[in-house]
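Quick notes on the structure that follows.
The values are calculated or read from the model by the stated rules, or taken from the named source; none is laboratory data. Only a predicted model underlies this, so the values are computations on that prediction, with no experimental measurement involved. Please note: Cβ atoms are built from the backbone with ideal geometry, for glycine as well, and neighbour counts cover all protein chains shown.
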Amino acid sequence: MHTLRSPRISGARTSCPTLTMEELSEITQHLLRFSPDALIVVDDSNRIRFANETVRDVFGHDPQALLGASLELLIPERFRPHHGGHTAAFMTSPKKREMGARIADLFALRADGTEFAAGIRLAPFRVGGKLFVAAAIRDTTERMQVNEELLQARKEADRANRAKSRFLATASHDLRQPLQTVRLLNAAMSKIVPDAQTHELLTRQGQAIESMTRLLNALLDISRLESGAIEPTAGSVSVDAVFAELRNEFESVAAARNVDLIFRPARIVLSTDRTLFYQLLQNLIGNALKYTDRGWVRVSCTLDTDSIVVLVEDSGIGIPADKLERIFDEYYQVDTHGTKRMGVGLGLAIVKEVARLLGFSVRIRSTVGEGTQATITIPLHCRLAAEENRSAAPVAKSTTPVPRRGRLILVEDNEGVRVATALFLKLEGYEILTAGSLAEAEVVLEQLREGDIVIADYHLDDRNTGLDMLLSLRKRRGFDVPGVILSGDLPSVRRSIKTPVPRSHFLSKPVDTTALLEAIQDLAGTLP
Ligand code: ADP
């Protein structure tokens, strides 16, 4: 082996016995000879001036035989033309670096003509004014293979995850129609069965249908969020208007549980996605009410020095400290005194995803037996000044239902849902006309008279929606025919509506029968 010069090492610590120069030199020689990397030193004309023993293992060359040879001997022929340029550039501004840091695959040539993937580190140095470059070379074939396998595994996992989300979205969407049918039939039967025992059975069946509906809705929400299908669209959002809508949704639940539901006036307007913001609070308030047997649930939104803080607090059962860490995981539920049955374990996973999409952060603090506080922190730049809020008219609380029976025209292409809805509404005392397609609707709507209410599925066929149908009907008739639009994907429908649609209600499928009746009564009450 050929060396340039014995290294000089000074400054050994006084507490250790000092090595003699001979010992140091021997250690250095040993390290150089058998370092795990092949070590090569070239001069400024690319001649090999030093090669250690490891070169024999890595390249299959006798290190001695390489001295004086051109470095190109170790480079596959196809890379040689470029190599000259790279070397010249490196020699003019030599720096310590990993060779070809931006090149994904570097290859070196063995003595037997085979190639291998190589990781190469370069270190320039000068001896007596002359420039040399030391190269530490290792065979990275195995590492590259492992990387490649990891990459493939990652791609496979991503693909499987997307497939899972697609499957969940499709399955839960397709399950909605039959579930809708069962739900309506249950409600219809509850109306007509005379005996208490059957009534009791139907009530239990109704409860099972409700929990199935909740599960489907949550599955659909999380799969949509995870598949990246939802992009937030920022608009001007009055927090008080959102609170008013949430109060509408939850006040009957709160009353049934004997819990005070308090919304503190906020007078804050945000620039955010209204539907997602609503969904975030809906899940947190739903939880607060679910896990509170007595006392209160309080919702507020206030300005802090560097953020806007929304609090959803309750005086409920609380969450044990050792469980707090996991509550945002999908399907994780804390089993406290049988409360597990009350949900499906997706609410907070949805909250986490929605908050991430909106750029908010959510934290939950809790004390068992005292209550839980969910804190949403919103960046201050999401706050709109009052003058930017002219368009954000508060959502009116639905008018007190005026019990009045009008005639209904139902346009629904799914036969099961159509028959069940019609049956249910008939039993509620409504006169009802039905259409199973747009073409049929055209004929039936000829009979429309003032006072009739249209109930239509949003997804009627590939080109037209129930909303398009309602809007063109309004144009033809010259007045705002009242309408209820039902959709399995309400958030997307809401997002696609650019201007508010007066005298209408948008309801989620599978439809909540009480919500449907309330919407009809509300529209009947607003009839001219
Ligand atoms: P679930 O559908 O079970 O409510 P979530 O993901 O919404 O699922 O919540 C996960 C768990 O966190 C729940 O099972 C519940 O035990 C606990 N939890 C969430 N919110 C509250 C709350 N406000 N009070 C008490 N426990 C809560």
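Residues of segment 299-321 that are of a type in the set (D, E, K, R) and within 12 Å of the ligand (Cβ to nearest atom): 313, 314. Looking at (1) more than 24 Å from the chain's Cα centre (by Cα); (2) within 16 Å of the ligand (Cβ to nearest atom); (3) of a type in the set (A, V, I, L, M, F, W, C); (4) within 21 Å of residue 493 (Cα to Cα), find the lone condition where residue 262 falls short. Unmet for residue 262, out of (1) more than 24 Å from the chain's Cα centre (by Cα); (2) within 16 Å of the ligand (Cβ to nearest atom); (3) of a type in the set (A, V, I, L, M, F, W, C); (4) within 21 Å of residue 493 (Cα to Cα): (4). Restricting 153, 160, 136 to residues that are under 30 Å from residue 211 (Cα atoms) and out of contact with any Ser or Thr (no Cβ under 7 Å at 6 or more places or on another chain) narrows the list to 160. Residues that are within 16 Å of the ligand (Cβ to nearest atom), of a type outside the set (Asp, Glu), in a helix (DSSP H, G or I) and more than 26 Å from the chain's Cα centre (by Cα) do not occur anywhere in segment 219-227. A count restricted to segment 361-412 and to residues that are of a type in the set (Gly, Ala, Ser), at pLDDT 95 or above and within 16 Å of the ligand (Cβ to nearest atom) stands at 3. Restricted to strands (runs of 3 or more DSSP E) entirely inside segment 397-506, those with at least 2 residues that are touching a Gly at 6+ places or on another chain (Cβ under 8 Å) are 407-411, 453-457, 483-487. For the structure I just gave you, tell me whether residue 309 is surrounded by fewer than 20 Cβ atoms within 10 Å (Cβ to Cβ), among the β-branched types (Val, Ile, Thr) and either touching a residue at least 40 places away in the same chain (Cβ under 8 Å) or farther than 23 Å from residue 346 by Cβ (or both). Yes. Residues in segment 272-298 that are surrounded by fewer than 16 Cβ atoms within 10 Å (Cβ to Cβ) and either more than 12 Å from the ligand (Cβ to nearest atom) or under 24 Å from the mean Cα position of the chain (by Cα) (or both): 294 only.
When every residue of segment 173-185 is checked against the conditions, none turns out to be modelled with pLDDT under 90, closer than 29 Å to residue 497 by Cβ, under 23 Å from the mean Cα position of the chain (by Cα) and not in a helix (DSSP H, G or I).
Tell me, yes or no, whether segment 240-256 has at least one residue that is assigned to a helix (DSSP H, G or I), within 16 Å of the ligand (Cβ to nearest atom), touching a strand residue (DSSP E or B) at 6+ places or on another chain (Cβ under 6 Å) and within 22 Å of residue 361 (Cα to Cα). The answer is no, given that none of the residues of segment 240-256 is assigned to a helix (DSSP H, G or I), within 16 Å of the ligand (Cβ to nearest atom), touching a strand residue (DSSP E or B) at 6+ places or on another chain (Cβ under 6 Å) and within 22 Å of residue 361 (Cα to Cα). Looking across segment 152-168, the residues that are free of Cβ contacts under 8 Å to residues at least 60 places away in the same chain and under 22 Å from the mean Cα position of the chain (by Cα) come down to 153, 154, 155, 156, 157, 158, 159, 160, 163, 164, 167, 168. The number of residues in segment 494-507 being over 24 Å from residue 451 (Cα atoms) and surrounded by 18 or more Cβ atoms within 10 Å (Cβ to Cβ) comes to 1. Among the residues of segment 241-259, the ones that are within 28 Å of the chain's Cα centre (by Cα) and aliphatic (A, V, I, L, M) come to 4 in all.
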